[in-house]
Amino acid sequence: MESILRVEGLTKYFPIRKGFLGRTVGSVKAVDDVRLTVNKGETFGLVGESGCGKSTLGRCLLRATEPTGGSILFRDRSGAELDVGRLDKPGLRNVRRDMQLVFQDPYSSLNPRMTVTEIVGEPLICHGIAKGSELRRRVVELIEMVGLSARQLDRYPHAFSGGQRQRICIARALATSPRFLVCDEAVSALDVSVQAQILNLLRELQERLELSYLFISHDLGVIRHISDKVGVMYVGKLVETASTGELFERPFHPYTEALLSAKPIPDPRRKAERIVLAGEVANPANPPSGCYFHPRCPYARDVCKTAAPPMKQVAKDHVVACHFAGELQLRGAL
Ligand SMILES: Nc1ncnc2c1ncn2[C@@H]1O[C@H](COP(=O)(O)OP(=O)(O)O)[C@@H](O)[C@H]1O
Ligand code: SF4
Ligand SMILES: [Mg+2]
């Protein structure tokens, strides 16, 4: 299968500044040496606890956040791989027609003073793709594609429900006919029944438009439903990557096992559920020595405190960063 995106050694360090001179006193390793591949027409699910670097990783792919290092190779329409990290401004503008972001919160990401027509039409105007009657025709097409009706075009965002707003966000993201979407917690703010509708819409659109997704979520149920492959992230690093079936049935990393066994608890602030594991998440500004997971890992031995585990391939398309990958008997999800 052909890849659409290949990421290697991707790193994002945020400087920590102190004092009024803004001296740099350290850094938050939000994304640390990440390697992943997304194949054409597939969904790569990225999962991990809050603060582990998922959004930063997603934003780095489009350079909405400037990465510190690594390569981001994106296959363009001609089949050539572009190094997104090295593109100049016009090059980046061009590639952004092909790569779009869909955010978590459809309430704050839509301008309340713009009509649906203006919101969905804006990228078409910005990129000089359509104007006049062609613009109108395309906006109608997009809005119908996401399951809304042309009669709703002159309304403002407040007239819509959360699910409908997320549909508007998706229509806007699709305006430039992208081939790759980063969906960052795109359904996390929605009620469960509405979540399922939006996930189904994303799947239909994926088939119809041959889209590839990086789908970010802290919700394992959502990730399992939508992903072909899954990457598990812990403190800036991918600790396990595998096909969805394998990852859920036969995890090789103790952190994956812990995530799969955790009971999500409702979080009233976020209108969603949160995974809560025993022990504290490591601080990316001051991570533990050796394997970052060792203070919370029930299988940790001495070597885990001193040596960072290398990435090991345990099966085809299944890689794990644990000293004892393959030796431990871990439980999957039921
Ligand atoms: N603009 C920023 N400046 C400094 N630190 C940031 C910035 N954005 C994110 N971080 C830090 O990077 C880490 C990863 O954050 P984020 O990517 O938002 O995680 P997630 O999406 O998995 O919840 C966190 O420790 C967060 O505080
Ligand atoms: S390397 Fe050690 S501490 Fe890290 S996950 Fe594996 S067993 Fe646990
Ligand atoms: Mg996030």
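Values quoted throughout were computed directly from the atomic coordinates according to the rules given, and no laboratory measurement underlies them. None of the values given here were measured: they were computed from a predicted structure. We place every Cβ from the backbone using ideal geometry, glycine too, and count neighbours over all the protein chains shown.
Here are the numbers for this structure:
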{"item": "Nearest-ten-degree value, helix 116-126 long axis tilted from longest Cα axis of the chain", "result": "80"}
{"item": "Rounded tilt (10° steps) of 162-174 against the dominant C-alpha axis of the chain", "result": "80"}
{"item": "Using alpha-carbon coordinates, inclination of helix 89-98 to the longest axis of the chain, degrees", "result": "90"}
{"item": "Cα centroid separation, the stretch 31-76 to the stretch 197-256 (Å)", "result": "13"}
{"item": "For E122, E257, order by how many other beta-carbon atoms lie within 10 Å, fewest first", "result": "E122, E257"}
{"item": "Cα-only Debye scattering, the stretch 1-126: base-10 log of I(q)/I(0) at q = 0.12, 0.16, 0.21 Å⁻¹", "result": "-0.59, -0.96, -1.28"}
{"item": "Packing-based exposure ordering (other Cβ within 10 Å, fewest first) of V230, V303, V28", "result": "V303, V28, V230"}
{"item": "Of M311, A321, S177, farthest towards positive along the dipole that unit charges on Lys, Arg, Asp, Glu beta carbons give the chain", "result": "S177"}
{"item": "Out-of-range pairs (alpha-carbon distance over 20 Å; input K12/K316; K229/K316; K40/K89; K40/K229; K18/K237; K29/K229)", "result": "K12/K316; K40/K89; K18/K237; K29/K229"}
{"item": "Per-residue Cβ neighbour rank within 10 angstrom, fewest leading, L57, L101", "result": "L101, L57"}
